[in-house]
Amino acid sequence: MRLTGVDHVQLAIPPNGERTARAFYGGLLGLREVAKPAALASRGGCWFVGLGIHLHLGVADDFQPARKAHPAFCVANLSVLRRRLKEAGVPVLEDESVPNVRRFYASDPFGNRLEFIEEADRGFTERR
């Protein structure tokens, strides 16, 4: 047995947050929304694909934003995304703590932490 990849990442959103989620993840970040399976559609939320991942946004009645745990999205041109987010009024937190890694953090409209990272040779070796 071996793991072969990550199928999807799920983030929680508050009830009735779908319209806002679509504007942010679909409009601002450019992910493409896909239909949820009929058996799950009644739960609310929305699903997106893009950037080589599937992102599931699920409704949580007792929603609390994820302020520490977060997905990290790879970006081809970090400076363009940084400018786009700032122009949309999204605060950006720069982080230069890892050598050879260009990245920053931002939050979605619900307060979920997101990392955006430009691919680079990080010099990491695989732990065996």
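For region 68-96, the set of residues classified as assigned to a helix (DSSP H, G or I) and charged (D, E, K, R) consists of Arg82, Arg83, Arg84, Lys86, Glu87, listed by residue number.
Among residues of region 1-16 that are free of Cβ contacts under 8 Å to residues at least 12 places away in the same chain and loosely packed, with under 11 Cβ neighbours inside 10 Å, none has a Cβ under 8 angstrom from a residue that is in a loop (DSSP other than H, G, I, E, B) and among the charged types (D, E, K, R) at a sequence gap of 6+ or on a separate chain. Please give the number of the condition Arg83 fails out of (1) basic (Lys, Arg); (2) under 20 Å from Phe110 (Cβ atoms); (3) out of contact with any Gly (no Cβ under 9 Å at 6 or more places or on another chain). Result: Arg83 fails condition (2) only. If you go through region 35-63 and keep only what is assigned to a loop (DSSP other than H, G, I, E, B) and surrounded by fewer than 12 Cβ atoms within 10 Å (Cβ to Cβ), you end up with Ala35, Pro37, Ser42, Arg43, Gly52, Asp61, Asp62.
Exactly one residue out of Pro99, Pro109 is closer than 23 Å to Arg22 by Cα and part of a loop (DSSP other than H, G, I, E, B): that is Pro109. You will find that of Glu119, Glu87, Glu33, the residue that is charged (D, E, K, R) and within 16 Å of Gln10 (Cα to Cα) is Glu33 and no other.
Only one entry of Arg67, Arg32, Arg19 meets the criterion of being at pLDDT 95 or above, surrounded by fewer than 16 Cβ atoms within 10 Å (Cβ to Cβ), among the basic types (Lys, Arg) and closer than 15 Å to Asn112 by Cα, and that entry is Arg67.
Considering region 70-105, and only residues there that are touching a residue at least 60 places away in the same chain (Cβ under 8 Å) and farther than 11 Å from Ile117 by Cα, the residue that is surrounded by the most Cβ atoms within 10 Å (Cβ to Cβ) turns out to be Val90.
The values are calculated or read from the model by the stated rules, or taken from the named source; none is laboratory data. Not measured: the values here are computed from a predicted model. Counting neighbours? That spans all protein chains shown, and the Cβs are built from the backbone with ideal geometry, glycine included.
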